[in-house]
Amino acid sequence: MRIFVTGASGWIGSAVVPELLQAGHEAVALARSDASVDALKAAGAEVHRGSLDDLDALRDAAAASDGVIHLAFKHEEAFSGDPAAAADADRRAIDTFGQALTGSDRPLVIASGLAGLRPGRLATEDDVPDAALPGGGRTLSERAVLALADRGVRSCSIRLPPTVHGDGDHGFIATLVGTARKHGTSGYIGDGANHWPAVHRLDAARLFRLAVEGAPAGSVLHGVAEERVPTRAIAEAIGRGLGLSAVSVAPGAAAQEYFGWIALLFGLDVRASSTHTQELLGWHPTHQRLIEDLNEGHYFNGN
């Protein structure tokens, strides 16, 4: 298959491209900067110049492909105070892909999140996220892609945990490591009994490949290797890695002051199963679990 990949130079996309190539597919990668072009060519991908805002470029690349994996998202815009604009750009891209793929039965696989699911209970692929909940901003994108199943698109949404971890990760776990360095303690909120699900980056990449190959139209998949990792265990592992004590931080204003913008996410109790996903596609995570990955030490090698 000839697969068009957006976000191909990002954290997950840079693992998806080699996963596709190793399985015998062609990868056509969207690239905006010269640095991304060079990196993607070195990885063996064909490059399609453009950006998430260049809808003509997206449409042309999708129309010329056997399927699309859409991973690009304006994270900087989302976390700098305008999440609505980032979500709108995402939906415009999905609508554009839908126009190109309508009636073709070709796949469109997108990345979504688990944080918008109802907290405090084990969520399954059948649960519907709430856009009003913290972390639920991409819910409308998921609805848009699933609706394309009625237009002859083999559409699929893969919900990912707050942490897709691995060597080189600069996401939420790296942010928590930086917060611990700043304060000289590794904090968790309250008793730290709330949870995050987790998945290794390479396991996630394999799921995207399996989904584009064979997920049924209108599928919701959970890219979850671990259903519920206590946030206290995460803080304790970070503390061990930095030689710092793990400490409780009171919820509310104290947590906001200590953690900053990530306080809302780190305080969530997100639990999710991937039983249906594993049974449907034969996807079985094999890489390190989150605490094992933290114990490897690579999260603590930078500043």
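The values are calculated or read from the model by the stated rules, or taken from the named source; none is laboratory data. Predicted, not measured: the structure shown is a model, and the values here were computed from it. A quick note on method: Cβ atoms are made from the backbone with ideal geometry, for glycine too, and the neighbour counts reach across all protein chains shown.
Does any residue in region 202-213 that is under 11 Å from Gly282 (Cβ atoms) and in the same structural domain as Val145 (by TED's automatic domain parsing) come within less than 6 Å, Cβ to Cβ, of a residue that is assigned to a helix (DSSP H, G or I) and modelled with pLDDT of 95 or more six or more places away or on a different chain, and which pairs are these?
Listed by first residue and then by second, the contacts come to Arg206/Glu19; Leu210/Leu281.
Among the candidates Leu122, Leu117, which residue alone is assigned by TED's automatic domain parsing to the domain that holds Glu46, touching a strand residue (DSSP E or B) at 6+ places or on another chain (Cβ under 9 Å) and either surrounded by fewer than 23 Cβ atoms within 10 Å (Cβ to Cβ) or among the aromatic types (Phe, Trp, Tyr) (or both)?
The unique qualifying residue is Leu122.
Got at least one residue in region 170-183 being within 22 Å of Ala72 (Cα to Cα) and assigned to a strand (DSSP E or B)?
If we filter region 170-183 for residues that are within 22 Å of Ala72 (Cα to Cα), which is where we start, we get 170-175.
Still in the list and also assigned to a strand (DSSP E or B): none.
Scanning region 170-183, I find no residue that is within 22 Å of Ala72 (Cα to Cα) and assigned to a strand (DSSP E or B), so the answer is no.
Can you tell me which of Val28, Val47, Val37 is within 21 Å of the chain's Cα centre (by Cα), β-branched (Val, Ile, Thr) and assigned by TED's automatic domain parsing to the domain that holds Asp90?
Working: Val47 fails: within 21 Å of the chain's Cα centre (by Cα); Val37 fails: within 21 Å of the chain's Cα centre (by Cα).
Result of the check over Val28, Val47, Val37: Val28.
Report those helices (runs of 4 or more DSSP H) wholly inside region 190-303 carrying at least 3 residues which are at pLDDT 95 or above.
Correct list: 201-214, 231-242, 253-259, 275-281, 290-296.
Name the residues in region 269-301 that are without any contact (Cβ under 8 Å) to a residue 40 or more places away in the chain and more than 27 Å from Val220 (Cα to Cα), would you?
The answer is Glu292, Asn301.
Among the residues of region 240-249, is there at least one that is surrounded by fewer than 17 Cβ atoms within 10 Å (Cβ to Cβ), closer than 25 Å to Val109 by Cβ and touching a residue at least 24 places away in the same chain (Cβ under 8 Å)?
Within region 240-249 (the criterion being surrounded by fewer than 17 Cβ atoms within 10 Å (Cβ to Cβ), closer than 25 Å to Val109 by Cβ and touching a residue at least 24 places away in the same chain (Cβ under 8 Å)), the answer is no, since none of the residues qualifies.
Among the candidates Val224, Val145, Val212, which residue alone is buried (at least 24 other Cβ atoms within 10 Å of the Cβ), among the aliphatic types (A, V, I, L, M) and more than 13 Å from Val109 (Cα to Cα)?
When all the criteria are applied, what remains is Val224.
Can Ala87 be described as surrounded by 18 or more Cβ atoms within 10 Å (Cβ to Cβ), of a type in the set (A, V, I, L, M) and part of a helix (DSSP H, G or I)?
yes
Against the definition (in a helix (DSSP H, G or I) and touching a residue at least 60 places away in the same chain (Cβ under 8 Å)), how does Leu58 come out, yes or no?
no
Suppose we filter region 16-49 for residues that are surrounded by fewer than 18 Cβ atoms within 10 Å (Cβ to Cβ), aliphatic (A, V, I, L, M) and assigned to a helix (DSSP H, G or I); how many remain?
4
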